[in-house]
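Peer 1: Handing you this structure, nothing more for now.
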Amino acid sequence: MTSLAARAANQQLGDQIIAADRSRSRRWRVQFLIAWAIIVAALVAFVLITINLDTDFIAKWLPFILTGVPITIFVSFASIALAVVLAILGALGRLSPNPYLNALASFYVSFFRGTPLLLQIFFIYFALPQMGIVLPEVPTGIIALGLNYGAYMTEVFRSGIQAVPHGQTEAALSLGMTARTTFRRIIVPQAFRIVTPAIGNDFIAMLKDSSLVSVISVHELLYQAQVAGRPNHKSMQTLLIAAIVYWILTIVFSFFQARLERRQAVGDRARVVG
């Protein structure tokens, strides 16, 4: 009986601790939201006081500015896809025992990390035509962003591949798997789980850096905002709209990234328990 009473008391104490933790967490979230509301309200009040917002102008040009959002998202997704492919190839080159492949991958990483992204965009769009290579604006932006981010992500993928325990490779080989099958079925899936947060962060950064392609007249969000604002001398208002839209996009994609990471974490825990 004493043992049952002690067990019941421990259970009750555990329930009280869990309830207290939930209450603290709920209180923290409420305070966090209140702080956000105060900051946003202060910023809105500052804008309304210091800037003479022309609501009629905003209502007229907002749909035009928003037509740049699909282009921004398309350029970002296409660029991150290209960057991932280049990063995988670059990581394999950096890990290769072949000195020529290793040197090629190292040169790629060094060059594109060592020169500004804006310069790379200008070079592809304005310099390559002198060699007879002429690319439209959108492919130019995708290629420049993909090459630049692929160089940075190469080191991320290399670290992810090296983070997979070597014992798993040895176990797969001992079971009769070829080196290529082991890499494809054992190493790559685990490496992708490791680098997923970094890919998400780079995509969100690319979403903002895609604004740089506006300099070559890609009709993305920032370009549309400039086209609407400059002739009407309302750049402050149109750029503010663009900033808010970029902010909303980063919040939305950050939310989905966090959900993906939580789902992967739950899957990893389930595999460990199993």
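The values are calculated or read from the model by the stated rules, or taken from the named source; none is laboratory data. Since the model is a prediction, treat every value here as computed from it, not as a measurement. Neighbour counts are summed over all protein chains in view; Cβ atoms, including those assigned to glycine, are modelled from backbone coordinates with ideal geometry. SASA here: full protein model, heavy atoms, side chains in, ligands and nucleic acids out. Shrake-Rupley method; radii C 1.70, N 1.55, O 1.52, S 1.80 Å.
Peer 1: Assuming R0 = 35 Å, what is the FRET efficiency of Met131 and Ser106, from their Cβ-Cβ distance, to the nearest 0.05?
Peer 2: So, using R0 = 35 Å, E works out to roughly 0.90.
Peer 1: Another question, if that's okay. Over region 55-273, what percent of the accessible surface lies on carbon and sulfur atoms, probe 1.4 Å?
Peer 2: Of all accessible area on region 55-273, carbon and sulfur atoms account for 69 percent.
Peer 1: Shifting gears a bit: Pulled fully out, how much extra length does the chain show between Met236 and Leu118, if you take 0.36 nm times their separation in residues and subtract their Cα-Cα distance?
Peer 2: 40.1 nm
Peer 1: Here's a follow-up. Note down the accessible area of Phe74, probe 1.4 Å, to the nearest 10 Å².
Peer 2: Its accessible surface works out to 110 Å², give or take rounding.
Peer 1: Defining a contact as two alpha carbons under 8 Å apart and six or more residues distant in sequence, what relative contact order in percent does region 115-200 show?
Peer 2: On the way: 42 pairs, mean separation 22.0, N = 86.
Taking the mean separation of contacting Cα pairs over the length of region 115-200, I get 26 percent.
Peer 1: With runs of 4+ DSSP H residues as the only contributors, calculate the mean residue ellipticity of the chain at 222 nm using -39,500 (n - 2.57) per run, divided by the residue total and rounded to the nearest 500.
Peer 2: -28000 deg cm²/dmol
Peer 1: Hey, another quick one. Going by average Cβ density within 10 Å per residue, which order do the peptides 42-53, 240-251 take, highest to lowest?
Peer 2: Result, highest mean Cβ count within 10 Å first: 240-251, 42-53.
Peer 1: Report the equivalent ellipsoid semi-axes for the chain in whole Å, largest first, defined as the square roots of five times the eigenvalues of the gyration tensor built from alpha carbon atoms.
Peer 2: Each semi-axis is the square root of five times an eigenvalue, giving 42, 37, 12 Å.
Peer 1: Another question, then. Kyte-Doolittle mean at least 0.0 and Cα extent at least 15 Å along the axis: which DSSP H helices of the chain qualify?
Peer 2: 2-50, 55-66, 68-95, 99-114, 137-163, 188-209, 235-273
Peer 1: Then there's this: On full extension of the chain, what length is gained from Gln16 through Ile251, given 0.36 nm per residue of separation minus the C-alpha to C-alpha distance?
Peer 2: Working: separation 235, 0.36 × 235 = 84.60 nm, distance 3.49 nm.
This chain segment gains 81.1 nm when fully extended.
Peer 1: So, for the chain, what is the accessible surface per residue at a probe of 1.4 Å, expressed in square angstrom?
Peer 2: 62 Å²
Peer 1: Sort Leu175, Leu66, Leu89, Leu207 by heavy-atom solvent-accessible area, probe 1.4 angstrom, most to least.
Peer 2: Largest accessible area first, the list is Leu175, Leu89, Leu66, Leu207.
Peer 1: Please give the net charge around Val252, taking every other residue with its beta carbon less than 14 angstrom from that of Val252, where Lys and Arg add +1 and Asp and Glu add -1.
Peer 2: +2
Peer 1: Once you've got the GNM for the chain with C-alpha springs shorter than 10 Å, pick whichever of Gln224, Gln264, Gln120 has the biggest mean-square fluctuation.
Peer 2: Checking each option, the largest mean-square fluctuation is seen for Gln264.
Peer 1: Which residue, Ala191, Pro231, Tyr152, has the largest displacement toward the positive end of the dipole of region 131-239 when charges sit on each Cβ (Lys, Arg +1; Asp, Glu -1)?
Peer 2: Ala191
Peer 1: Out of Val213, Val164, Val109, any idea which swings most in a Gaussian network model of the chain, alpha carbons joined below 10 Å?
Peer 2: Highest fluctuation among the options: Val164.
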